[in-house]
Each structure stands twice: as C-alpha cells, then as structure tokens.
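Engineer: Okay, here's the structure, questions in a sec.
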Amino acid sequence: MTEVVMQGEREFASVTDNQLAELRSMIGKPIRSDRPHVTELTVDAVRHYALGIGDRNPLWSDPERAAEGRIGVPPTALLAMDKVFSGYVTGLPGIHAMYAGTSFSFERKPVVGDRLTGSAVLKELIERPSKFAGRSWQQIYEVPFHDEAGALVCTGQSYCFRIERDNAREGKKYEDIRVEWTTDQIAEIAQRYRDEEARRRGTVTRYVEDVEAGDALPPITKGPYTATTAIAYLLGWGGLYVRGHGDAFDLFERHPALGIPNELGVPEPPERVHWDADLARRVGVPGAYDYGPERVSWMGQVVTDWMGDDGFLKTLDVQVRRHNVLGELVTCDGSVSRVDPATGEIDIVLNAINQDGFESARGTATVVLPNRVTEQ
C-alpha cells in the first residue's frame with residue numbers, strides 16, 4: 001500500500017545552490033546522450049515511429065512503397081535518435097523533469113537510410129516562477145544532427161522544466177480530472193478517424209499558388225489517451241528510462257535518484273508517471289499523462305498530412321502547455337498565417353485543445369511547397 005504523505009512533509013529531493021552551480025557550469029559543454037533508440041532510419045524504424053503516434057500516412061509505412069524505395073520519414077522521428085532531444089536531462093538529481101517544448105530547423109528532409117548523430121549541448125538554465133510548483137528551472141538544450149558525411153541535417157532545441165515534486169503536489173494547480181466516454185461518443189470518435197483518411201493530401205501535390213493566408217489545416221484527433229497509447233509510442237520512440245531486469249538495476253546503481261520504489265517496494269523510474277496514476281498525483285498531476293515528444297509529433301502530423309508528400313517541413317516549433325491525463329481527447333489543427341509565392345514558404349500557426357476546450361499545445365511551422373510555374 002502506498003504511504004500517504006502528509007501536507008508539509010518532504011517526500012522527494014529539493015534543489016540546492018551547489019547543484020544549481022554545478023549544472024550552470026555545464027552550459028556550453030557537450031552532454032552525453034545515452035543509448036539512442038534509433039541509430040538508423042530504417043524502413044522498420046520509420047514505420048514503428050509513425051504508427052506509435054497513430055500516423056497512418058502510407059508515405060511512412062506502405063509495404064509497396066517500401067519495396068520500391070519510396071518510403072518517407074516523419075520529420076519528428078528524430079526524437080527517437082537522441083535522448084537529450086527527447087527530454088533526458090543532466091544535473092539536479094531527484095528533481096522532476098517535465099518536457100515542455102521542441103523546435104526543429106531542417107536543412108533537408110531526413111530519408112530512409114540516414115544514420116544521424118545528435119551532438120547535444122546545454123544552452124541555458126533559466127529560473128522561472130511557476131504556478132505549478134512555485135519555482136522551476138528551464139533547462140534548454142541545442143542538438144544539431146549530422147549525417148555520416150558530416151553534413152548538418154537538422155538543428156533541434158528542446159527544453160524541460162525542473163520542478164520540486166513536493167511543491168508541485170502541494171500547489172494543486174490541477175483539479176481532479178476524470179473523463180469517461182459513452183458508446184455513442186466512441187462511435188463519433190471512430191468516424192473522425194475515418195474522415196481523416198479522406199482528407200490527407202498524400203500524393204496529390206499541393207502547390208504554393210493554391211494556398212492563401214487564413215486557410216485552415218484540417219484537424220486530426222488523438223485519443224482518448226490510454227496506457228496502451230503510451231506503450232504504442234514507446235515501441236517507436238523508446239522512452240528515456242524504460243529498461244528491464246538487470247539493465248534497470250544497472251541504471252539505478254549509476255543514478256540512485258532515478259529508482260523510486262513502487263507499491264511493491266521495487267525501484268522504477270520517474271518516467272512511470274505516464275502509466276502510474278499514484279506517482280503522477282505525487283508530483284502534482286491528477287493522473288497518469290501523455291509524453292511531451294509524442295504531442296510534438298502530433299502537431300507535426302497536422303502539417304505533413306496537409307502539405308502532401310511533395311512538401312518540405314522546414315521548421316517546427318511546439319510548446320507543450322498542460323498535461324493530458326488518461327482518458328483525454330485532443331484535437332490538433334492549424335491555419336496559414338503567411339504565403340511567400342517567390343520562395344514557396346508557408347507559415348502556419350498550430351493549435352491543440354482537449355475535450356473541454358483547454359489548450360494542450362501550441363506551435364508554428366514553416367513548409368516549402370512546389371511552385372506550379374517552375375515545375376512546368
């Protein structure tokens with residue numbers, strides 16, 4: 001049985017000045033990224049990542065395309081290629097990390113066969129006031145990805161907020177959330193998923209001349225979120241600390257603060273907040289919740305579904321705004337904010353809201369579309 005922590009008692013670690021000074025001393029220095037889940041963008045790796053975010057675009061997974069060498073790569077699959085980019089943080093042992101944002105700036109499309117290496121550097125550490133936890137520290141990393149020839153493919157940035165778990169729990173930012181769905185509502189959600197298939201642009205080229213500021217990007221549905229949904233994402237993304245048996249005990253021996261005993265007294269990583277409602281509540285969230293990199297990838301899918309197979313996602317910047325707990329449904333969409341016919345560049349504003357109208361994520365993107373005139 002889980003021990004109840006009384007108000008005012010400290011269950012978890014607190015930040016010390018010495019820890020902050022030590023972490024700040026790492027700014028500008030390379031950060032080792034432990035065991036990327038994907039080292040090569042193989043056909044299998046691409047398919048697993050795409051299906052892990054529920055992206056059924058045939059461009060990523062159709063067997064006939066794969067046999068003909070015409071498989072593409074979801075741009076956000078780079079999140080599986082570097083742990084720091086995906087939310088692994090250094091320093092401040094025992095202080096919870098909440099993934100909060102990512103940006104991608106691509107020099108070219110990632111392609112099947114790419115072996116990309118991220119070279120993470122701690123860029124900034126900024127203390128910020130937090131309604132959630134009183135104090136928080138924004139830990140920002142820059143992660144350039146190079147191919148085997150040394151060419152830069154993408155420059156990524158990601159950041160987490162470090163919070164003291166006890167303060168977050170006592171702050172009570174979130175009300176209890178319980179979402180239940182009727183049979184009729186589940187049928188409506190199933191129809192939304194069917195409708196998405198018909199709206200995807202796919203092989204029909206979208207030209208820059210056909211786009212105007214104010215155009216809407218069709219919505220995509222994600223959820224209702226379950227522990228199974230999280231497992232599906234882990235199959236393609238890999239997680240930060242999901243390890244088994246002796247491999248897990250090796251990790252906890254090297255990093256003791258990662259081993260938080262579960263209700264059986266067995267150490268498990270803090271990552272289990274994504275399926276363990278009790279630990280999630282102990283860090284101030286009303287239930288187990290989704291992965292931040294997963295939500296970033298959903299926003300990327302809004303863009304790739306709309307732009308079609310011939311488009312190029314040049315930049316993507318997503319902020320994760322709140323936790324999506326188990327049972328929640330998220331709708332992601334966007335709109336065109338700028339069109340440059342000369343360069344083919346289209347700027348897009350992205351939005352994501354949950355079933356109650358609360359903002360889940362926001363972002364921006366820039367895509368490059370073909371020009372009908374130059375193609376003739």
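The values are calculated or read from the model by the stated rules, or taken from the named source; none is laboratory data. Computed from a prediction, not measured in an experiment: that's the story for all the values here. We place every Cβ from the backbone using ideal geometry, glycine too, and count neighbours over all the protein chains shown.
For (1) at pLDDT 90 or above; (2) surrounded by fewer than 16 Cβ atoms within 10 Å (Cβ to Cβ); (3) farther than 29 Å from GLY223 by Cα; (4) among the β-branched types (Val, Ile, Thr), each residue gets a yes or a no:
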residue: MET6; (1), (2), (3), (4): no, yes, yes, no
residue: SER14; (1), (2), (3), (4): no, yes, yes, no
residue: LEU20; (1), (2), (3), (4): yes, no, yes, no
residue: LEU41; (1), (2), (3), (4): yes, no, no, no
residue: HIS48; (1), (2), (3), (4): yes, no, no, no
residue: ASP55; (1), (2), (3), (4): yes, no, no, no
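Engineer: Please determine whether any residue of region 344-364 is β-branched (Val, Ile, Thr), over 23 Å from PRO218 (Cβ atoms) and in contact with a strand residue (DSSP E or B) (Cβ under 6 Å, 6 or more places away or on another chain).
Structural biologist: Within region 344-364, none of the residues are β-branched (Val, Ile, Thr), over 23 Å from PRO218 (Cβ atoms) and in contact with a strand residue (DSSP E or B) (Cβ under 6 Å, 6 or more places away or on another chain).
Engineer: Looking only at residues in region 40-60 that are of a type in the set (A, V, I, L, M, F, W, C) and part of a loop (DSSP other than H, G, I, E, B), which one is nearest to ARG192 (Cα to Cα)?
Structural biologist: Looking at residues that are of a type in the set (A, V, I, L, M, F, W, C) and part of a loop (DSSP other than H, G, I, E, B), I get ILE53.
Engineer: Considering only region 55-67, I want to know if a residue exists there that is assigned by TED's automatic domain parsing to the domain that holds PRO144, basic (Lys, Arg) and out of contact with any Leu (no Cβ under 8 Å at 6 or more places or on another chain). So that I can check it myself, show each step before the final result.
Structural biologist: Start the filter on region 55-67 by keeping residues that are assigned by TED's automatic domain parsing to the domain that holds PRO144, which leaves 55-67.
Next, only the ones that are basic (Lys, Arg) stay: 56, 65.
Those still in the list that are out of contact with any Leu (no Cβ under 8 Å at 6 or more places or on another chain) too: 56.
Yes, there is a match, as at least one residue in region 55-67 is assigned by TED's automatic domain parsing to the domain that holds PRO144, basic (Lys, Arg) and out of contact with any Leu (no Cβ under 8 Å at 6 or more places or on another chain).
Engineer: For region 75-90, which positions are farther than 17 Å from THR117 by Cβ and of a type in the set (Ser, Thr, Tyr)?
Structural biologist: Of everything in region 75-90, those that are farther than 17 Å from THR117 by Cβ and of a type in the set (Ser, Thr, Tyr) turn out to be THR76, THR90.
Engineer: For the subset of region 120-147 comprising residues that are at pLDDT 95 or above and over 22 Å from GLU22 (Cβ atoms), which member is surrounded by the most Cβ atoms within 10 Å (Cβ to Cβ)?
Structural biologist: PHE145
Engineer: Here is a further query. Please state which one of TYR225, TYR233 is under 20 Å from the mean Cα position of the chain (by Cα), assigned to a loop (DSSP other than H, G, I, E, B) and either modelled with pLDDT of 95 or more or within 23 Å of VAL330 (Cα to Cα) (or both).
Structural biologist: None of the other options fit; the residue is TYR225.
Engineer: Check off (1) assigned to a loop (DSSP other than H, G, I, E, B); (2) at pLDDT below 95 for ASP166 and give me the number that stays unchecked.
Structural biologist: (1)
Engineer: Now a separate question. May I ask you to list the residues in region 204-240 that are surrounded by fewer than 20 Cβ atoms within 10 Å (Cβ to Cβ), within 16 Å of TRP298 (Cα to Cα) and among the small types (Gly, Ala, Ser)?
Structural biologist: ALA232
Engineer: With surrounded by 19 or more Cβ atoms within 10 Å (Cβ to Cβ) and part of a helix (DSSP H, G or I) as the only criterion, which of THR102, THR76 stands out?
Structural biologist: THR76 is the lone residue from the list that is surrounded by 19 or more Cβ atoms within 10 Å (Cβ to Cβ) and part of a helix (DSSP H, G or I).
Engineer: Taking the condition closer than 21 Å to SER158 by Cα, crowded, with 20+ Cβ neighbours inside 10 Å and in contact with a helix residue (DSSP H, G or I) (Cβ under 6 Å, 6 or more places away or on another chain), does HIS37 pass?
Structural biologist: It is true that HIS37 is closer than 21 Å to SER158 by Cα, crowded, with 20+ Cβ neighbours inside 10 Å and in contact with a helix residue (DSSP H, G or I) (Cβ under 6 Å, 6 or more places away or on another chain).
Engineer: Would you confirm whether or not region 95-103 contains a residue that is of a type in the set (A, V, I, L, M) and more than 19 Å from VAL318 (Cβ to Cβ)?
Structural biologist: yes
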